[in-house]
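J.: Take a look at this one; I'll ask things after.
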Amino acid sequence: MAEISSDNGRKFTIPIGPQHPALKEPGHFEFVVDGEVIQEASVKLGYAHRGIEKIVEDRNYTQAMYILERVCGICSHVHASALAMGAEQLAGVEAPPRARAIRTLVYELERIHSHLLWLGVAAHEAGFEALFMYSWRDRETIMDILEEISGSRVHYSVNAIGGVRIDISAESAQNILKAVDFLEERSKHYLNVVSSDRVFLQRSRGIGVMSPEEGNRWGVVGPVARASGIKRDVRVDAPYAAYDIFPVTMITASEGDLEARFTVRVRELLESTRLVREVVKNLPEGELTTKVKRKIPPAETVVRIEAPRGELMYYMKSNGTDQPERIHGRTPTIPNMASVLHLTIGHQLADAPMILAGIDPCFSCNDRAVVLKSQSHSDLWSWDQLRQYGIDRYHGRT
Amino acid sequence: MDVLRQLLIIAIFPGGIFMLLIGLVYAWINGKLIARLQNRVGPRWFQPFADMLKLITKEEIVPEGTNKLLFELLPIVALAGPMTAALYVPMAGLRPSSSFQGDLIVTIYLLSLMTLCTGFAGANTRDRFSTIGATRALTQLFSYEAPFLLALLGPAIVAGTWQISEIITTNQGLWLVVTQPISFVIAIIGLMGKLEMHPFDAPEAKTEIVAGALTEYSGRGLALFKVGHYVELVIGLTLVAALFLGGLANPLMFLLKTLGLLLGISFLEALMTRLRIDQTVGLWWRYGSVLALLQLVILVIWSTLVS
Amino acid sequence: MSKKSNIFQDAISSFVQGPVTENYPAEKRPIADRFRGELSWSPEGCSGCNLCAKECPAGAIEVITLDRKAKRFVVRFRVDRCAFCGQCQTSCRKGCIDLANDRWELASYDRSDFEKLYGHPDDIAEYLASLNQSEATDD
């Protein structure tokens, strides 16, 4: 074992990923362990880089919306609606109230879907297979509802530039209310389970504790930040879609450990069910879309959306044609990833997959960013330099 | 004729083919029960057989840097241990085919061979997951072995003998689960620890260290280890049922009692969160050993007072 | 639910009620009305605006114009490229395109099954004939 042990012969590196049963998505983690205790952690991302930001520069806004929808398989609606909202802002129009309410409805349904999925995955990482199976069974309810109202279980495609494509019929509204009642009851049950199952609490209470100061330093977002008592929720701070008409109560916890991340997400499930009920009952009447010209005048904008995993930001620039000049997204996993590397240190190897799952990582979302090592001394590159670097790199590849 | 009879005992019943078959059937029942408790369908009846057939026909890859002899020998020893133990327990409710004074101790140690082989197999390869898995497997061995032994000592002390068949005949009256509940619970949980069943499966925790000590095993070796686990499950259930649930008078009682125990085990397996290795060790040394010792002390005082 | 609810209740009710898993290929559930399955195109009313092909994010639709004045078009649809977003259905003002909710098991062993031609049978025949002709001249 000469090559895997270091100088004192006790530490060695445990690789997790890109192929590993703990991670269903490609990411590479290296944990240096001393016995069972993690001493160092490092991460390598980029296995699922698809060049999606470049692809959308060659498409018109409608096409780009469907391409961006495929950034993520779980929170597809937030990406598509971010582009739709950005295009509307660039064109200087606003979606009609009914369209905004329907978008809000789908945001919240998607959040229920995503949090239930996360609950199962995180329980699986802890070896709590029963919770995994039950939460995924109940998640089928919400997927059936999404299929009924949108026509697909994963990529809902409910957005259009200037509004939404679907309407909620009275019958669908009844079904949504029925499903939400069921899920509310189940969510209360899961809240009891994650906060009272004693064996499970041994694995989650006091593990991966992050103080608000640390959270702010690492810039964490979403439920991870809220579980550490950081009040950060775009739905409250800068309401978009119909969140100004249907206000959200921010769910926070002060403990900052894994248990808090579980309870915050499950309590957000309850909040989402309340919100869905309110939106369905008070859906404004009116048009579904406003007319948006195909060619959008040159402008720049930034869209912020609270995705199920945290704050999602899109920068968009138009150039007067029907194709965007530049679209850049920052997904919530990247800021949260830094916290994993810090939090795992000092914990046991067995806790590492749970701490990682605690941030609800989405690898295919975050793999649009490429870190360039600066060859010149300046960290600022002009567009031409960056382009030249790309061309040289492309030609110089082996 | 005597030689032929011995051969039959080893090859057909209760060793050999019978043990393999009943082990696979019990593995299927276990899987099915867990699935039903989790609202799933679960495997079909031939699934364990199909898995074994697949593994046996697969190419076995011996990784570089391992001792090839050990790599191939360890799975065989791991299966041979529980197979031999089958001769000393009242398998299928019939009399043990071999019996001598002290066979309880021999059986317990034959059952430990499995974990030892798993540990050695993990340490034999250079894989990092295997090494950690092996460390965890051996750590776990040292934690549950003493309480498990102490728990099984209870019935032996009451009966005043080390011979399994005599313990059963002496304790015909009241089921020992009533008089020694602590030992019974510790024996059941110890069996789960021995078999690395779910809450105690840190040595093969798949979300951390892939498959633990057996990560590098692919074909025949893995099949032998798996069958060994299944066989050991049946023997462990038989032993606990025989000692604590008033013996196994006939095949029907054998089925009822062992399957009842299996249902309980599946319940725990389906609903528990995996314990970290330090939590497992803490559980056994902090509570398991102390409680088992307490039970033993009560038993010793009681039997001295009675006699 | 009371404060005492725990996972054991789930286990017992699951054990009694039996698995919820569907026996998929044997039993199929009714599918939602809006479900987006395989595309179909009917030539009635098509004006040849080409909007469906222009807005398709996957490049799965190709409108082949045989005769613009007589409104004779053939649509070539590539199932293997389709992302089932349904934008073509929204874009088409004449309602020629439908994403059926009954055809969604589209796996095939043969790549040629993934390329479909829609249109009047005569138009398709003419288009195929013109294809063969151009191939012959190429040789």
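The values are calculated or read from the model by the stated rules, or taken from the named source; none is laboratory data. Please read all numbers here as calculations on a predicted model, not as lab measurements. As a convention, Cβ positions derive from the backbone with ideal geometry for all residues, glycine included, and neighbour counts pool all protein chains shown.
J.: Would you please name the residue that is surrounded by the fewest Cβ atoms within 10 Å (Cβ to Cβ), looking only at residues in the stretch B:222-277 that are closer than 28 Å to C:PHE8 by Cβ and among the basic types (Lys, Arg)?
T.: B:LYS257
J.: Keeping to the stretch B:174-205, report how many residues are touching a His at 6+ places or on another chain (Cβ under 9 Å) and assigned to a helix (DSSP H, G or I).
T.: 1
Rundown of residues vs (1) at the interface with chain C (Cβ under 10 Å from one of its Cβ atoms); (2) over 29 Å from A:PHE128 (Cα atoms), yes/no style:
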| position | (1), (2) |
| --- | --- |
| A:ARG153 | yes, no |
| A:ALA160 | yes, yes |
| A:ILE168 | no, yes |
| A:SER172 | yes, yes |
| A:ILE176 | no, yes |
| A:ALA179 | no, no |
| A:LEU183 | no, no |
| A:ARG186 | yes, no |
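J.: Which of the residues spanning the stretch A:145-180 are without any contact (Cβ under 8 Å) to a residue 40 or more places away in the chain and acidic (Asp, Glu)?
T.: Listed by number, the residues that qualify are A:GLU147, A:GLU148, A:GLU171.
J.: Still on this model: Which residues, taken from the stretch C:91-139, are touching a residue at least 40 places away in the same chain (Cβ under 8 Å), of a type in the set (A, V, I, L, M, F, W, C) and either surrounded by fewer than 13 Cβ atoms within 10 Å (Cβ to Cβ) or in a loop (DSSP other than H, G, I, E, B) (or both)?
T.: Once the filter is applied, which keeps residues that are touching a residue at least 40 places away in the same chain (Cβ under 8 Å), of a type in the set (A, V, I, L, M, F, W, C) and either surrounded by fewer than 13 Cβ atoms within 10 Å (Cβ to Cβ) or in a loop (DSSP other than H, G, I, E, B) (or both), the stretch C:91-139 yields C:CYS92, C:CYS96, C:ALA100, C:TRP104, C:LEU106.
J.: On to the next question. Looking at A:LEU109, A:LEU68, A:LEU83, can you tell me which residue is touching a residue at least 60 places away in the same chain (Cβ under 8 Å), among the aliphatic types (A, V, I, L, M) and closer than 26 Å to A:ARG261 by Cα? It would help to see each step written out before you state the result.
T.: On the way: A:LEU68 fails: closer than 26 Å to A:ARG261 by Cα; A:LEU83 fails: closer than 26 Å to A:ARG261 by Cα.
Exactly one residue qualifies, and that residue is A:LEU109.
J.: Residue check, C:PHE84 against (1) in contact (Cβ under 8 Å) with a residue 12 or more places away in the chain; (2) more than 14 Å from chain A (Cβ to nearest Cβ), all met but one. Which one?
T.: (2) is the only condition that C:PHE84 fails.
J.: Looking at (1) crowded, with 17+ Cβ neighbours inside 10 Å; (2) closer than 24 Å to B:SER183 by Cβ; (3) more than 14 Å from every other protein chain (Cβ to nearest Cβ); (4) within 17 Å of the chain's Cα centre (by Cα), which is the only condition B:GLY93 fails?
T.: Here B:GLY93 clears every test but (4).
J.: Let me ask something else. Search the stretch C:46-60 for residues being within 11 Å of chain A (Cβ to nearest Cβ) and part of a loop (DSSP other than H, G, I, E, B), and hand back the single one that is surrounded by the fewest Cβ atoms within 10 Å (Cβ to Cβ).
T.: Checked the stretch C:46-60; the qualifying residue surrounded by the fewest Cβ atoms within 10 Å (Cβ to Cβ) is C:GLY59.
J.: Same structure again: One residue is enough: does the stretch C:8-15 have a residue meeting the conditions over 27 Å from A:GLU129 (Cα atoms), facing another protein chain (nearest Cβ under 9 Å) and in contact with a helix residue (DSSP H, G or I) (Cβ under 6 Å, 6 or more places away or on another chain)? Lay out the reasoning, then the answer.
T.: So in the stretch C:8-15, the residues over 27 Å from A:GLU129 (Cα atoms) come out as none.
Within the stretch C:8-15 (the criterion being over 27 Å from A:GLU129 (Cα atoms), facing another protein chain (nearest Cβ under 9 Å) and in contact with a helix residue (DSSP H, G or I) (Cβ under 6 Å, 6 or more places away or on another chain)), the answer is no, since none of the residues qualifies.
J.: Still on this structure: Could you identify the single residue in A:GLU129, A:GLU125 that is at pLDDT below 90, within 14 Å of chain B (Cβ to nearest Cβ) and crowded, with 24+ Cβ neighbours inside 10 Å?
T.: After applying the criteria, what remains is A:GLU125.
J.: Another question about this same structure. Which number in (1) part of a loop (DSSP other than H, G, I, E, B); (2) more than 14 Å from the chain's Cα centre (by Cα); (3) surrounded by 12 or more Cβ atoms within 10 Å (Cβ to Cβ); (4) within 14 Å of chain A (Cβ to nearest Cβ) marks the one condition that C:PRO43 misses?
T.: C:PRO43 satisfies every listed condition except (4).
J.: Restricting to the stretch A:208-231, and then to whatever is assigned to a loop (DSSP other than H, G, I, E, B) and surrounded by fewer than 24 Cβ atoms within 10 Å (Cβ to Cβ), can you tell me which residue is nearest to the chain's Cα centre (by Cα)? Give the steps one after another, and end with the answer.
T.: Applying the first criterion (assigned to a loop (DSSP other than H, G, I, E, B)) to the stretch A:208-231 yields A:208-211, A:219-221, A:228-231.
Filter again for surrounded by fewer than 24 Cβ atoms within 10 Å (Cβ to Cβ), leaving A:209, A:211, A:219, A:229-231.
Working: A:VAL209: 21, A:SER211: 22, A:GLY219: 15, A:GLY229: 19, A:ILE230: 18, A:LYS231: 18 Å.
Here the residue is A:GLY219.
J.: Taking the stretch A:103-122, which residues are surrounded by 24 or more Cβ atoms within 10 Å (Cβ to Cβ) and within 14 Å of chain B (Cβ to nearest Cβ)?
T.: Scanning the stretch A:103-122 gives A:LEU119, A:ALA122.
J.: What is the number of the single condition among (1) free of Cβ contacts under 8 Å to residues at least 24 places away in the same chain; (2) closer than 30 Å to A:LEU349 by Cα; (3) away from chain A (no Cβ under 14 Å) that B:ALA241 does not meet?
T.: It is condition (2) that B:ALA241 fails.
J.: Can you name the condition, by its number, that B:VAL41 falls short on among (1) assigned to a helix (DSSP H, G or I); (2) surrounded by 14 or more Cβ atoms within 10 Å (Cβ to Cβ)?
T.: (1)
J.: OK, next. Can you run down the residue pairs with Cβ atoms below 6 Å, 6 or more apart or on separate chains, where the first is in the stretch C:3-31 and more than 30 Å from A:VAL199 (Cβ to Cβ) and the partner is surrounded by 10 or more Cβ atoms within 10 Å (Cβ to Cβ)?
T.: Filtered contacts from the stretch C:3-31: C:ILE31/C:ASN101.
J.: While we're here: Pick from the stretch C:21-40 the residues that are surrounded by 13 or more Cβ atoms within 10 Å (Cβ to Cβ) and of a type in the set (A, V, I, L, M, F, W, C): which of them is farthest from the other protein chains (Cβ to nearest Cβ)?
T.: Going through the qualifying residues, I end up with C:LEU39.
J.: Filter the stretch B:196-214 for residues that are surrounded by fewer than 23 Cβ atoms within 10 Å (Cβ to Cβ) and either out of contact with any Pro (no Cβ under 7 Å at 6 or more places or on another chain) or β-branched (Val, Ile, Thr) (or both) and give the result.
T.: Correct list: B:MET197, B:HIS198, B:PRO199, B:ASP201, B:GLU204, B:THR207, B:VAL210, B:ALA211.
J.: B:VAL234 - would you say it is within 27 Å of B:LEU176 (Cβ to Cβ) and under 17 Å from the mean Cα position of the chain (by Cα)?
T.: Working: within 27 Å of B:LEU176 (Cβ to Cβ): yes; under 17 Å from the mean Cα position of the chain (by Cα): yes.
Here the answer is yes, as B:VAL234 does meet what is asked.
J.: Name the one entry in A:ALA41, A:ALA80, A:ALA99 that is more than 16 Å from A:ASN319 (Cβ to Cβ) and more than 14 Å from chain C (Cβ to nearest Cβ).
T.: It is A:ALA41.
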